[in-house]
1. Relative contact order (percent) for the chain, with alpha-carbon contacts under 8 angstrom and 6 or more residues of separation?
2. Could you check the simple spin-label distance between residue 264 and residue 212, using points 7 Å along Cα→Cβ, in nm with one decimal?
3. Sorting check: for 58-65, 391-398, 287-294, which peptide has the highest mean count of neighbouring beta carbons within 10 Å, and how do the rest follow?
4. In nm, to one decimal, how far is the residue 253 label point from the residue 346 one, both placed 7 Å along Cα→Cβ?
5. State the extension gain, in nm to one decimal, for the chain segment bounded by residue 90 and residue 117, taking 0.36 nm per residue of separation less the distance between their alpha-carbons.
6. Over region 227-315, what is the relative contact order in percent, taking alpha-carbon pairs closer than 8 angstrom and at least six residues apart?
7. So what is the calculated 222 nm ellipticity per residue for the chain, using -39500 (n - 2.57) for each DSSP H run with n of 4 or more, over all residues, to the nearest 500 deg cm²/dmol?
8. In whole angstrom, how long is each semi-axis of the equivalent ellipsoid of region 351-410, when you take the square root of 5 times every eigenvalue of its Cα gyration tensor and sort them from largest down?
């Protein structure tokens, strides 16, 4: 009788053990996103049927240790309902119960077969999908289609996704950049991070109208994101019609620091914003011009004309943000910090992230409250050490800026 072959490492090629089958199924089905999504959606059906390569009699006799291990490990396998057995008559071994196939009949069987890690992963899907499915069960296929994004959601972001979707309406962004959408409780950096998933979900909710409109941004009617700006060079963005007209009608323009220092901007209120994206999130504000995206480049803020303006500064709440604020104060003592306080952190603490590298010491020109907050950031007082200005909710930003404007006008 022909013997079963041996593998190159002298292990028999017959009698596949539970861990070998688990590894094979994990590779083919569980770690393979296209196959996994197809199984979850039912476009790739069950059962999954894997042969265990039982030996013939001569092979079993030649390697009784492996034969006994093969039978015993499958007898001890926890999920016997997934194992198909058969009675075989071996001339030299008499009648034997032999495992023949593993048969997985459903996604639940697949999870059971693969064990605790698969169970934990599936529970993560369920937790992250639940808030969205409570809005509409028909969103399940869209969630599965972007399962990799669903897996990367935190529990807070899963709730945020469910909070966002009902707010998205056609033409919501007319005349606005995507970053300036009038959303409640949601930051638009989150929207941009998960844009592909959100677009798919929104298209499902609105019966295909999003893709019919040539995509999410067209459906929202947002202004296209500006491109081509040099990094670190201030961008002037007028926030009211009067200021735009006085600046030649341009919605924004990039002006080198030395020129900006020598040329007064046509508004009483000046808002300086550390990052470009946050500067695009600013609402319309009377008699106001924003200078955005300069980052650490605040050398121009010793301009003499700024002393006749009301100037607000808004940066990240981290050690570098406070370092830039201190540098701004060295040039303009009257500057007013915006949304760089403990109240803002308390409202958004769940959105904090680690700061890659801290400033070495407390900057000199901080108030006592700012210095205390600086120290709290580096001493693990909060959930993390950095709150990016892009993670503030849109309605919070608008509310704080309107109050800042009204305080001056009252």
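Nothing in this text is a laboratory measurement; each read-out follows from the coordinates by a stated rule. The structure presented is a predicted model; accordingly, all values stated were derived computationally and were not measured. FYI the Cβ positions are ideal-geometry reconstructions off the backbone, even for glycines, and counts take in every protein chain you see.
1. Dividing the mean separation by the residue count of the chain yields 11 percent.
2. Roughly 5.4 nm, to one decimal.
3. Numbers: 58-65: 16.0, 391-398: 19.5, 287-294: 23.5.
Averaged packing, sorted descending, gives the order 287-294, 391-398, 58-65.
4. Between residue 253 and residue 346, the label points sit 4.4 nm apart.
5. Details: separation 27, 0.36 × 27 = 9.72 nm, distance 3.87 nm.
Taking 0.36 nm per residue and subtracting the Cα distance, the gain is 5.9 nm.
6. Contact order relative to length: 39 percent.
7. Numbers: 20 runs with 173 residues, N = 410.
-11500 deg cm²/dmol, from helical runs alone.
8. Working: eigenvalues 137, 58, 15 Å².
Result for region 351-410: semi-axes of 26, 17, 9 Å.
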